[in-house]
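Contents: one structure, followed by commentary.
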Amino acid sequence: MSHKAEAVFVPLNIAVLTVSDTRTFETDTSGQLFVDRLESAGHFLAARVLLKDDLYKIRAQVAQWIADDQVQVVLITGGTGFTGRDSTPEAVACLLDKQVDGFGELFRQISVADIGTSTVQSRALAGLANGTLVCCLPGSTNACRTAWDGILGEQLDNRHRPCNFVPHLKQAEPCGPRG
């Protein structure tokens with residue numbers, strides 16, 4: 001259900017972080033899906049980084065973007081599972097001013113159609129920090145597609161009603177095309 005008011009679209013500056021011990025930019029289909037989707041929607045890629053699954057490196061990168069006046073949204077793919085190296089939720093949760101509890105719940109709900117009860121193993125989460133929306137999602141390309149098409153596309157569009165995240169984000173000048 002998408003309700004778009006007769007308002008002018010406000011593009012956001014979105015950073016994409018891929019957490020993976022094995023991917024490169026050439027093989028990172030999940031991060032690329034986010035880049036393709038956000039640019040197709042009219043948003044700007046503020047930055048794109050690929051990091052190994054290291055709690056402190058993830059935390060440092062996300063903290064840097066939260067402090068950056070131009071980054072309004074951080075999309076993280078990977079590191080949300082249960083293996084010994086998966087540490088994205090632990091890296092990010094302590095940085096959040098407010099958690100968006102419904103994000104993980106809704107993501108798991110809409111994922112059931114694709115992956116059944118395996119959705120309970122998703123530790124997807126989101127929250128706000130310093131006017132920045134931070135979303136942590138599984139590393140699979142299908143999970144990123146599900147998140148964008150089922151939640152993020154609407155919630156990052158200021159025209160979506162009855163509400164969206166845009167009014168809660170810091171004001172920033174558009175980054176313009178970057179890569």
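Computed from the coordinates by the stated procedures, all read-outs in this text should not be read as laboratory data. It should be emphasised that the depicted structure is a prediction, and the values quoted were computed from it without experimental measurement. So basically every Cβ, Gly included, is an ideal-geometry build from the backbone, and we count neighbours across all protein chains shown.
Could you tell me what fraction of 2.2 N^0.38 Å the Cα radius of gyration of the range 10-168 comes to, as a two-decimal ratio?
For the range 10-168, the normalised Cα radius of gyration is 0.94.
Kindly put CYS136, CYS94, CYS144, CYS175 in sequence by how many other C-beta atoms sit within 10 Å of each C-beta, fewest to most.
Ranked by crowding around the Cβ, least crowded first: CYS94, CYS175, CYS144, CYS136.
Fewest first, what order do HIS43, HIS168 take by the number of other Cβ atoms within 10 Å?
Ascending Cβ contact count within 10 Å gives the list HIS168, HIS43.
Which percent, to the nearest 5, of DSSP beta bridges fully inside the chain are antiparallel?
In the chain, DSSP labels about 35 percent of beta bridges as antiparallel.
For each of ILE110, ILE151, ILE76, count neighbouring Cβ atoms within 10 Å of the residue's Cβ, then give the residues from fewest to most.
ILE110, ILE151, ILE76
Test of understanding: in a Gaussian network model of the chain with alpha carbons linked when under 10 Å, which of ALA67, ALA15, ALA126 would top the mean-square fluctuation ranking?
In the Gaussian network model the winner is ALA67.
Find how much the distance from PHE9 to SER118 grows on full extension, using 0.36 nm per residue of separation minus their present alpha carbon separation; answer in nm with one decimal.
35.6 nm
Considering amide H positions built from the backbone, and no H for Pro or chain starts, which residues 5 or more places from THR132, or on another chain, come under 5 Å of its amide H?
LYS170
Would you mind checking the range 114-147 for residues with the amide N under 18 Å from a putative spin-label position 7 Å along Cα→C-beta of ALA93?
Counting only backbone N, you get 120-129, 134-139.
Under 8 Å for C-alpha pairs, at least 6 residues apart: give me the relative contact order for the chain, rounded to a whole percent.
Here the relative contact order equals 30 percent.
With label points built 7 Å along Cα→Cβ from the Cα atoms of GLU105 and ASP69, find their separation and express it in nm.
3.7 nm
Whole-Hz Karplus ³J(HN,Hα) for the range 66-82, in order, using 6.51 cos²θ - 1.76 cosθ + 1.60 and θ = phi - 60°, x for Gly and Pro?
Result, rounded to whole Hz: 4, 7, 6, 5, 8, 8, 9, 9, 10, 10, 10, 10, x, x, 9, x, 10.
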